[in-house]
Amino acid sequence: MIQIQNLCKRFGNFCAVNNLSLHIKKGEVFALLGLNGAGKSTTIGILCGLIEKTSGTVLIDNKNLDTQLEAIKKSVNLSPQETAIAPNLTVFENLELIATLYGQKSQEKIFDTIKQFSLQEKTNVLAKKLSGGQKRRLSVAMAIITNPKILILDEPTLGLDIKARKKLWEIIKTLAQTTTIILTTHYLEEAEALANRIGVMANGKLVGVGTRTELIARTKTQNFEDAFLKLTEESDE
Ligand SMILES: Nc1ncnc2c1ncn2[C@@H]1O[C@H](COP(=O)(O)OP(=O)(O)OP(=O)(O)O)[C@@H](O)[C@H]1O
Ligand SMILES: [Mg+2]
């Protein structure tokens with residue numbers, strides 16, 4: 001579904017993504033982990049055409065990012081780390097705007113999505129008046145309402161309360177039956193609960209890919225947190 005070959009992104013002399021190669025299969029939930037500044041947001045920003053890569057090849061749904069970006073944009077949607085909400089539109093209007101852009105006109109679908117994310121009471125409230133966690137929920141709802149083939153979620157549960165986080169996990173699990181999902185998170189238990197495979201990035205490089213069990217075995221550790229720390233430390237040496 002997603003084939004990344006030798007991907008590099010430099011900002012000036014700084015290498016934010018360093019020769020990254022990765023295949024993500026159709027229907028997979030893939031979690032991208034790594035310390036702050038590892039290169040996760042840059043990598044997924046490239047995949048959805050928000051950030052221009054320096055070199056490398058990216059195929060998404062058999063389409064080449066260099067030549068078929070417009071087609072790719074139709075099948076990929078992103079919930080960014082910094083939300084893409086219009087602050088002076090209401091919850092309903094934000095969802096309506098995105099749905100319309102993607103050719104979906106069903107008001108019912110908008111109300112269903114609002115309910116799915118427990119924002120009913122805020123339907124007609126301006127987005128700038130939402131709490132941090134409510135904004136995050138709206139941002140994820142805006143990515144989901146377009147029914148993308150590939151859904152990219154950058155730290156979707158950051159700042160969510162326990163109930164909202166668990167609810168979003170359930171939504172992600174349900175979506176995973178029909179959608180390929182890439183998510184980043186700093187919560188290891190989230191990756192463990194949701195992802196079929198996990199990629200660990202450090203200093204722009206992919207330092208480990210596999211299932212949770214594979215990564216634990218490969219690092220000869222006892223649990224996933226130790227495996228993660230070992231993978232990210234090794235790259236410092
Ligand atoms: N527009 C930019 N100009 C210069 N450097 C940048 C730019 N965007 C990102 N970087 C640098 O690239 C590196 C990777 O950033 P990125 O946002 O991909 O990290 P991340 O893994 O998503 O981190 P976090 O967990 O904090 O979100 C960082 O060192 C960052 O400072
Ligand atoms: Mg990031």
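Give me the strands (runs of 3 or more DSSP E) completely within segment 94-204, filtered to those with at least 1 residues that are more than 16 Å from ligand 2 (Cβ to nearest atom) and farther than 13 Å from S79 by Cβ, ordered by residue number.
180-184, 197-202
Please list, ordered by first then second residue, the pairs with beta carbon atoms under 8 Å, 6 or more apart or interchain, first in segment 42-57 and within 16 Å of L183 (Cα to Cα), second charged (D, E, K, R) and open to solvent by less than 50 Å² (accessible area, probe 1.4 Å).
T42/K9; T43/K9; I44/D154; I46/K9; I46/K53
Take segment 58-85 and flag every residue that is touching a residue at least 60 places away in the same chain (Cβ under 8 Å) and out of contact with any strand residue (DSSP E or B) (no Cβ under 8 Å at 6 or more places or on another chain).
None - no residue of segment 58-85 is touching a residue at least 60 places away in the same chain (Cβ under 8 Å) and out of contact with any strand residue (DSSP E or B) (no Cβ under 8 Å at 6 or more places or on another chain), so the list stays empty.
Any residue in segment 26-44 that is among the aromatic types (F, W, Y) and open to solvent by 10 Å² or more (accessible area, probe 1.4 Å)?
The answer is no, given that none of the residues of segment 26-44 is among the aromatic types (F, W, Y) and open to solvent by 10 Å² or more (accessible area, probe 1.4 Å).
Do you know which residues across segment 147-166 are under 21 Å from G27 (Cβ atoms) and either open to solvent by 10 Å² or more (accessible area, probe 1.4 Å) or within 16 Å of ligand 1 (Cβ to nearest atom) (or both)?
Step one: of segment 147-166, the residues under 21 Å from G27 (Cβ atoms) are 147-154, 156.
Answer for segment 147-166, where residues must be under 21 Å from G27 (Cβ atoms) and either open to solvent by 10 Å² or more (accessible area, probe 1.4 Å) or within 16 Å of ligand 1 (Cβ to nearest atom) (or both): N147, P148, K149, I152, L153, D154, P156.
Search segment 175-192 for residues being modelled with pLDDT of 90 or more and among the β-branched types (V, I, T), and hand back the single one that is surrounded by the fewest Cβ atoms within 10 Å (Cβ to Cβ).
Step by step, filter segment 175-192, then rank; the result is T179.
For segment 1-58, give me each residue that is farther than 17 Å from L69 by Cβ, within 10 Å of ligand 1 (Cβ to nearest atom) and in contact with a helix residue (DSSP H, G or I) (Cβ under 9 Å, 6 or more places away or on another chain).
Answer for segment 1-58, where residues must be farther than 17 Å from L69 by Cβ, within 10 Å of ligand 1 (Cβ to nearest atom) and in contact with a helix residue (DSSP H, G or I) (Cβ under 9 Å, 6 or more places away or on another chain): F11, A16, V17, L32, L33, G34, L35, A38.
Looking at segment 212-224, can you tell me whether even one residue there is open to solvent by less than 10 Å² (accessible area, probe 1.4 Å) and within 16 Å of ligand 2 (Cβ to nearest atom)?
So far as segment 212-224 goes, no, none of its residues is open to solvent by less than 10 Å² (accessible area, probe 1.4 Å) and within 16 Å of ligand 2 (Cβ to nearest atom).
Look through segment 63-83, keep the residues that are under 20 Å from the mean Cα position of the chain (by Cα) and open to solvent by 70 Å² or more (accessible area, probe 1.4 Å), and return whichever of them is nearest to C48 (Cα to Cα).
Applying the filter and picking the extreme gives K73.
Just for segment 170-186: of the residues that are more than 16 Å from ligand 1 (Cβ to nearest atom) and among the hydroxyl-bearing types (S, T, Y), which one is nearest to the chain's Cα centre (by Cα)?
Within segment 170-186, the match that is nearest to the chain's Cα centre (by Cα) is T180.
The values are calculated or read from the model by the stated rules, or taken from the named source; none is laboratory data. Only a predicted model underlies this, so the values are computations on that prediction, with no experimental measurement involved. Glycine also receives a Cβ, built like all others from the backbone with ideal geometry; neighbour counts cover every protein chain displayed. The area values use the complete protein model at the heavy-atom level, side chains included, leaving out ligands, DNA and RNA. Shrake-Rupley method; radii C 1.70, N 1.55, O 1.52, S 1.80 Å.
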